[in-house]
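Beneath this line is the structure, given in structure tokens, with notes to follow.
The values are calculated or read from the model by the stated rules, or taken from the named source; none is laboratory data. Computed from a prediction, not measured in an experiment: that's the story for all the values here. Reconstructed Cβ throughout: ideal geometry from the backbone, glycine too, with neighbour counts over all protein chains shown.
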Amino acid sequence: MSGYSHFDRENYLKFHSEEAALFFSTMDNAVLDHFMKLLLLNVGSHWPHSDVGIICERLKTHLTVAFVATFSLLPVLTRITFASTPQNAGFFNFRMSQFILKESNRIRSESESAPAKFDTGLFQPVYSNNRNTAYLSVAAALVLFNTSFAAKFLAHTAYFGGFQKIVDNYLTFMNVWLCIGSYLILVSFVCRIKHLFALGCTCEICIKPKPRKSRMRSDSESAEVFPVNAPVSVSSNSSPLEPLVEAPLSVEPDDLYHQNQHHHDGDNEADEDENATVSKSPKRECTVKARAEDSDVMLALSDAEVLQLIREGRLKTRDLETVMKSLPRAVGLRRQDLATHLNNPHSIDRIPFANYDYRPVMGQCCEEVIGYIPIPLGKVGPLLLDGQEHYLPLATTEGCLVASTNRGCRALYLSGGVRTALFRDQMTRAPVVAFPSVGEVVKCIAWVESSQGFQILREAFNETSSHADLVSIFPNPVGRYLHLRFAARTGEAMGMNMVSKGTDRALRCLCKQFPRMQVISLSGNMCTDKKPAVVNHLLGRGKSVLAEARLPGWVVSRVFHTEPIRMARLARVKHWTGSAMAGAPGMAGCNAHAANLVAALFAATGQDLAQVVDSSACLTQLEVEDDGSLYASVTMPCIEVGTVGGGTRLPAQRACIEMLDLSLERPAEHLARLVAGVVIAGELSLLAALATNDLVEAHMRLNRAAAAVAVATAGHPAVEEGENDRSGSTGLLSPNTNNFGM
């Protein structure tokens, strides 16, 4: 029963509505082509005193018989064509779901609504291309030509033979068939002309959508009064869309623009000045769209009606969370609208979206949300770091990564753990400014480096946030351009937005000192953010951390099955010689796979994933001590992490941060130390696998474990029954919809 319900509510509507559209469009073209040929032959059959007329008369009969025979196979041929090339059906903006499901005889729920990209009108004409319009025009001309012939012969026959002779001579199957075809062609031609004229019409009749029957509601759901700019009474039998259509508007949402943007305190926060809105000149009456922002009206609409507003451009998908109030329903509606634009609409079905708290996401982490991506989460540990044991979460899809890092953690644990030290903590932003001459550039550099000038800029910078503290400004001139690299402490936040706001305020202050200075950009790429750069390796960005460990020879032999001298030699040849041959910039290539551990820990703790590029800059060194032990160290000058703001607000990511048992005084610094600690564990294990040539064998053994799991769990479901049912559900809302409403 569940399988039938899934077929009827989703697959049937999405797939067979397009198939029906293809069938009726093909039928329309076939009928037009047939009657156009028939009308041409009918003109030729009136050729006087010639064999051409006899041939044309016989061809008319042959053509009609062939058309009827072909038409009987048309549904089968259409189904075969659609099944083989379903993407071709995307050209037809046509919907027959009401006809297929016989909506007049039954009530459909919201989840049974057909896809939104097809119009709900049963007799909505198909205007595919100009070629079809030309064919229809020629056919209409042939109808008029044949009508003049028929009128002439009928008048002549009626005058000399009367009505009975007309019946005897002209009331034949072929003539009746031609009359039916002529009527269809004329009606289609008139509709086509009306459609073309309506495109440029500015009257309200042309732009007002045709009323359609809304879904039947229970008494508790019946509409009452929906105020939209003015009180409008809506009966239970009328469509809730009518108040939205009739509501007048003087200003469009797209007609507003903001001139001045003011930043306020707090990381990842920026508000626009609402008083700086100016309306453009009013549009034509026919192009003004009614906005659907009344929450009471929107909540009363069915999903199909909301999707209709989106198709008509009266509601933006980015505003769904605001007007719908229910976040899971807004996400579900956005998914339905997206499916109508995809060649494979079912591809979105496997993207989960239910049973998720979207409140921390909206307005902070993501826009136009259509779901979430589950990533496997593994645990690593215990990692003994600075005398304290930690278990770390790693979110990754790479096999062997967690297992290999655990081996490194075990070796470090047996060796007394990892010792770390933080030697720099500053987030940077480097704007670029221009001066009329190089002389003024030098004057600006001198003023910025002076104690008085720096103090003025520091006070302006620190006013933007209670957590911001400007540490230094590094000026770097290039001709008449000047790059100013601001570096500041940002507390427990990663601090990019905080530093950007402070830098913007400092530039305003600098403009007062140098009125001829021009700000080119708030970021001149010397920061450097989300790009590998030597300046980050030399001057640091974020947290700069050192980590070291000493592994006795017996630990290396017992855990890694190799010798310290072999690992040290491999690190020297691989990290230094190999990276130099590859032309790796700075510290970007002087390690084995630091980015693997940084990316996995960043994804688990809600850090900015793009900053893996610069945060993974790492210099790994292995040396053999005089006593035969192995000394290992990593230098990571730009670990960009935070424990507040951004993705750290998400529930799962916040739980992973709490799992780390970070220091209460400086949790962000402690997190950076953990990054360096897990990197050194991963580096040691991978280098050992390369030294013993076990890398491929380990990957093959662990990455092929899925087959063994399948055999061991044969006959047992891999997913709990309830969870499996949810993943296959076609409902729009999650069970906890009401709990996650705005």
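Taken as a whole, the structure leaves I348 outside the set of residues that are out of contact with any strand residue (DSSP E or B) (no Cβ under 6 Å at 6 or more places or on another chain), aliphatic (A, V, I, L, M), assigned to a loop (DSSP other than H, G, I, E, B) and surrounded by fewer than 20 Cβ atoms within 10 Å (Cβ to Cβ).
The numbered conditions (1) of a type in the set (K, R); (2) in contact with a Phe, Trp or Tyr (Cβ under 7 Å, 6 or more places away or on another chain); (3) within 19 Å of M494 (Cα to Cα) are all true for R550 except (3).
Residue check: H537 meets all listed conditions (1) of a type outside the set (A, V, I, L, M); (2) over 14 Å from C638 (Cβ atoms); (3) over 31 Å from the mean Cα position of the chain (by Cα) but one, namely (2).
All told, F173 meets the bar of being modelled with pLDDT of 65 or more, within 18 Å of L41 (Cβ to Cβ), loosely packed, with under 11 Cβ neighbours inside 10 Å and out of contact with any Asp or Glu (no Cβ under 7 Å at 6 or more places or on another chain). Residues that are free of Cβ contacts under 8 Å to residues at least 12 places away in the same chain and either buried (at least 21 other Cβ atoms within 10 Å of the Cβ) or assigned to a loop (DSSP other than H, G, I, E, B) (or both) within the stretch 439-473 comprise just one, S450.
Scanning the stretch 419-438 for residues that are outside any loop (DSSP other than H, G, I, E, B) and closer than 14 Å to Y481 by Cβ gives V432, V433, A434, V438.
Within the set G408, G416, the sole residue that is modelled with pLDDT of 95 or more and either surrounded by fewer than 19 Cβ atoms within 10 Å (Cβ to Cβ) or assigned to a strand (DSSP E or B) (or both) turns out to be G416.
So that you can scan it fast, the table gives a plain yes or no per residue for (1) among the basic types (K, R); (2) assigned to a loop (DSSP other than H, G, I, E, B); (3) in contact with a helix residue (DSSP H, G or I) (Cβ under 9 Å, 6 or more places away or on another chain):
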position: G313; (1), (2), (3): no, yes, no
position: T322; (1), (2), (3): no, no, yes
position: L333; (1), (2), (3): no, no, yes
position: L338; (1), (2), (3): no, no, yes
position: A354; (1), (2), (3): no, yes, yes
position: Y372; (1), (2), (3): no, yes, no
position: V380; (1), (2), (3): no, no, yes
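Given the condition aromatic (F, W, Y), modelled with pLDDT of 90 or more and outside the structural domain of G647 (by TED's automatic domain parsing), answer yes or no: does some residue in the stretch 364-383 qualify? Scanning the stretch 364-383 turns up at least one residue that is aromatic (F, W, Y), modelled with pLDDT of 90 or more and outside the structural domain of G647 (by TED's automatic domain parsing). The residue that is nearest to P564 (Cα to Cα), among those in the stretch 396-415 that are over 30 Å from the mean Cα position of the chain (by Cα) and hydroxyl-bearing (S, T, Y), is S415. Beta carbons closer than 8 Å, at least 6 apart along the sequence or on distinct chains, pair a first residue in the stretch 596-615 that is free of Cβ contacts under 8 Å to residues at least 40 places away in the same chain with a second that is surrounded by fewer than 24 Cβ atoms within 10 Å (Cβ to Cβ) and not in a helix (DSSP H, G or I) for F602/D608.
So is M567 more than 28 Å from C409 (Cα to Cα), touching a strand residue (DSSP E or B) at 6+ places or on another chain (Cβ under 6 Å) and of a type outside the set (S, T, N, Q) or not? Considered against the rule, which asks whether it is more than 28 Å from C409 (Cα to Cα), touching a strand residue (DSSP E or B) at 6+ places or on another chain (Cβ under 6 Å) and of a type outside the set (S, T, N, Q), M567 comes out as no.
Any chance the stretch 598-610 includes a residue that's more than 21 Å from M659 (Cα to Cα), assigned by TED's automatic domain parsing to the domain that holds L690, crowded, with 22+ Cβ neighbours inside 10 Å and of a type in the set (A, V, I, L, M)? No, that holds for no residue. In the stretch 641-663, the residues that are under 17 Å from L385 (Cα atoms) form Cβ pairs under 8 Å with partners that are buried (at least 20 other Cβ atoms within 10 Å of the Cβ) and hydroxyl-bearing (S, T, Y), at six or more places apart or across chains, as follows: I657/T605; I657/T643; I657/T648; L660/T605; L662/T643.
Screening M427 with (1) closer than 30 Å to S685 by Cα; (2) touching a Gly at 6+ places or on another chain (Cβ under 6 Å) gives one miss only, at (1).
Using the structure shown, decide if A580 is more than 22 Å from L422 (Cα to Cα), out of contact with any helix residue (DSSP H, G or I) (no Cβ under 8 Å at 6 or more places or on another chain) and surrounded by fewer than 18 Cβ atoms within 10 Å (Cβ to Cβ). Spelling it out, A580 is indeed more than 22 Å from L422 (Cα to Cα), out of contact with any helix residue (DSSP H, G or I) (no Cβ under 8 Å at 6 or more places or on another chain) and surrounded by fewer than 18 Cβ atoms within 10 Å (Cβ to Cβ). Screening the stretch 524-587 for helices (runs of 4 or more DSSP H) wholly inside it with 3 or more residues that are more than 23 Å from A668 (Cα to Cα) returns the ranges 564-571, 579-582.
Kindly provide the set of residues from the stretch 541-568 that are under 22 Å from A421 (Cα atoms) and either touching a His at 6+ places or on another chain (Cβ under 7 Å) or surrounded by 20 or more Cβ atoms within 10 Å (Cβ to Cβ) (or both), ordered by number. The answer is R541, G542, K543, S544, V545, A547, A549, L551. Among the residues of the stretch 442-490, those identified as farther than 18 Å from N536 by Cα and of a type in the set (S, T, Y) are S450, S451, T464, S465, S466, Y481.
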